[in-house]
1. Within the range 292-325, work out how many residues are touching a helix residue (DSSP H, G or I) at 6+ places or on another chain (Cβ under 7 Å), under 18 Å from residue 427 (Cβ atoms) and not hydroxyl-bearing (Ser, Thr, Tyr).
2. Quick test of your reading of the structure: residue 425 fulfils all but one of (1) open to solvent by less than 70 Å² (accessible area, probe 1.4 Å); (2) among the charged types (D, E, K, R); (3) out of contact with any Asp or Glu (no Cβ under 8 Å at 6 or more places or on another chain). Name the failing condition by number.
3. Just the residues that are in a loop (DSSP other than H, G, I, E, B), open to solvent by 60 Å² or more (accessible area, probe 1.4 Å) and either modelled with pLDDT of 95 or more or under 17 Å from residue 250 (Cβ atoms) (or both), please, taken from the range 199-219.
4. Using beta carbons and a limit of 7 Å, which pairs, at least six apart or on different chains, have the first residue in the range 116-145 and of a type in the set (Asp, Glu) and the second one in a loop (DSSP other than H, G, I, E, B)?
5. What number of residues within the range 113-166 satisfy the criterion of being touching a strand residue (DSSP E or B) at 6+ places or on another chain (Cβ under 8 Å) and among the hydroxyl-bearing types (Ser, Thr, Tyr)?
6. Just for the range 74-96: of the residues that are in contact with a Ser or Thr (Cβ under 9 Å, 6 or more places away or on another chain) and of a type in the set (A, V, I, L, M), which one is surrounded by the fewest Cβ atoms within 10 Å (Cβ to Cβ)?
7. Residues 246, 286: which one is farther than 30 Å from residue 115 by Cβ, part of a helix (DSSP H, G or I), of a type in the set (A, V, I, L, M) and open to solvent by less than 50 Å² (accessible area, probe 1.4 Å)?
8. Does the range 144-175 hold any residues that are buried (at least 18 other Cβ atoms within 10 Å of the Cβ) and in a loop (DSSP other than H, G, I, E, B), and which are they?
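The values are calculated or read from the model by the stated rules, or taken from the named source; none is laboratory data. On a predicted model such as this, the values are computed, not experimentally measured, just so you know. So basically every Cβ, Gly included, is an ideal-geometry build from the backbone, and we count neighbours across all protein chains shown. When the accessible area is computed, the model is the full protein with side chains, heavy atoms only, and any ligands, DNA or RNA have been set aside. Shrake-Rupley method; radii C 1.70, N 1.55, O 1.52, S 1.80 Å.
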Amino acid sequence: MKMEVTELGPMKRSLKIEVPADEVMQRFSRAYVELNRQVRIPGFRPGKAPLALLEQRYAKAVEEDVVRSLVPDYYDKAVRQAGIVPVLVEIPPLERVKIKKDAPFTFTATVEIKPKIELRDYKAPKPISLKPDKRTVTDEQITRGLEVLREQQARLEAAPAGHQVVDGDYVVLDVEGTLEGKPLDGTKKEGHLHKVGANAALLGLQIDSHLLGKKEGDVAELSQAYPGNHPDPRVAGRTVQFTLTLKSVKSKTLPVLDDEFAKDCGPYNSLQEIRDRLQGEMEKALKREIEETYKDTIVKRLVETHHFDLPETLVERELEAIIRQHLQQQQRRKSLDSVSEPAAEDLAKLRQEHRDEAARRVKVGLILETVAEKEHLTVTQDDVNNEITRPATELKVPAAELVKMIQAGGQDSIEELRARILADKSLDFVYRNAVIQG
């Protein structure tokens, strides 16, 4: 195989690849032998049709098959021989490529490549230096944790007769909406428990201010006007009357923080045991938080100390992923009826806003990938299994279901998972080799 590499720019190369004539002839011969087995030509037994007749009838199809077999094989060989890592390949449409069975076959591939990165200051003798994070778990934090447990063990008890609703009270409500004096389907709720002061909407209504000062058995009336473009045509441009009936009022009673409270919370014999357990869990959480803070600092330092051109294709892919995620989050925040395709100017603005972040992510990924290569870090099947098991446990779904979801995304999803694991291992390597001052 002959190959010429032409530099088209910092991140682009042109590969002119020539396949030897003898290899071309062998591919043609194999293609016609296989074709002879498959086709049925009147007057000839299977596999016995003359080559000249096959060439007369099927030359174009055979040429295309040979090109389709030669191009990927010799492209792969050329990339390995050139020692480049492509991120985008541009090959002329195969139907435009000319080939003859008794001559060398030449084609050109334009590739965008990953940059060669010279790693700096990530391990001894020049490791990254970090300022110590001396945060500790305080008594105040433990006390707040106990208060959370206390809230969880609180009981709702009937408020005294004549009690007027205040923030923090719980009320049991019946709600119904009417339009022009007639009940409106979908606006009726009975026995709904609502915490006053939490600002939680009920049927899209803010009702807290209408409940303050009310007593059990009282009725509150409120009107809700809807805009003309509301997705529900029944109420668009109209006003609905809502009636709130207070069936009961309840107050929260907090338990006393003592040893009996500890026993109610689980397998504890004393309040001190709960305090010790809380402190241990908080210290583990703080340790994880401090480690993540250190790693954020390391990533920032790696970005600042490494300078190289970024493949535009990778930046574009990351930018598209960021925008897609942004639009999905936006859609989840709104009702489906009110979501529309973003306008071109909005998309342009999003691209402008997130382009720097996309470039940063690509740069970090390439640096960590280079660290992995240099330190011979790999992703094992155990690494993949652990990465799947952890979120499955957190989400309380079978790991097999999560595996199916990943596999449904095809090979790209699996490779993306393995790449993320490898990046995490690389960052962990740099973190373990960093020096914390003092």
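1. Result for the range 292-325: 7.
2. (3) is the only condition that residue 425 fails.
3. 212, 215, 216
4. Hits for this filter: 121/128.
5. 1
6. Step one: filter the range 74-96 for residues in contact with a Ser or Thr (Cβ under 9 Å, 6 or more places away or on another chain), giving 87-92.
Adding the requirement that they be of a type in the set (A, V, I, L, M) leaves 87-89, 91.
On the way: 87: 18, 88: 16, 89: 13, 91: 15.
Looking at residues that are in contact with a Ser or Thr (Cβ under 9 Å, 6 or more places away or on another chain) and of a type in the set (A, V, I, L, M), I get 89.
7. Only one candidate passes the filter, namely 286.
8. 159, 165, 169
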